[in-house]
Amino acid sequence: MFMDETVLQQVLDKLGNIEGTLHNLVEGQKRLEEEQLTIRKEQQTIRREQQILLQGQKRLEEEQAYLQSGLKELNELMTALLHRQDETDAKLEALATDVHIIHGEIASLKQGLHELEEKVDSHYHQLNERLDNIQLDVDFAVHKTTANERELYKIKNRLF
């Protein structure tokens, strides 16, 4: 029986070892399940954060599309403004040319007016001289006529 006891003891020892190993396995399984639960919670947190990031990305993409639309509109406005600026520049250049021509015409008119004033002054002086001469002639003629009338009066009075 000694052998049976030894075998039994060995079986019991082995069973004890198996039981210890089983206990270790069960404990390990529990730890793995707890870690797995923790990992799943972290995974859910990551998924929520990922959803938030995706929503943020979508919002950024929408804002980017809005900004690109605004930029396109601004570019169109800028192109229109540049076109109008070119038209305005051309009109301004034409206006400057017209003003330059007008300045030339004004200078020519001033020169013509100055020459005309000189002619008028010259004619004025000539007319004044002629009027003075005519006045002298009229005065002389009046004086002569008066003198002749007196002489005629005297002659008439002597004859009659």
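The values are calculated or read from the model by the stated rules, or taken from the named source; none is laboratory data. In this text the structure is predicted, and so the values were computed from the model without any measurement.
Structural remarks
- Matching option when the condition is modelled with pLDDT under 95 and basic (Lys, Arg), among 130, 84: 130
- Boolean, residue 71 is more than 37 Å from the chain's Cα centre (by Cα) and either among the acidic types (Asp, Glu) or assigned to a helix (DSSP H, G or I) (or both): no
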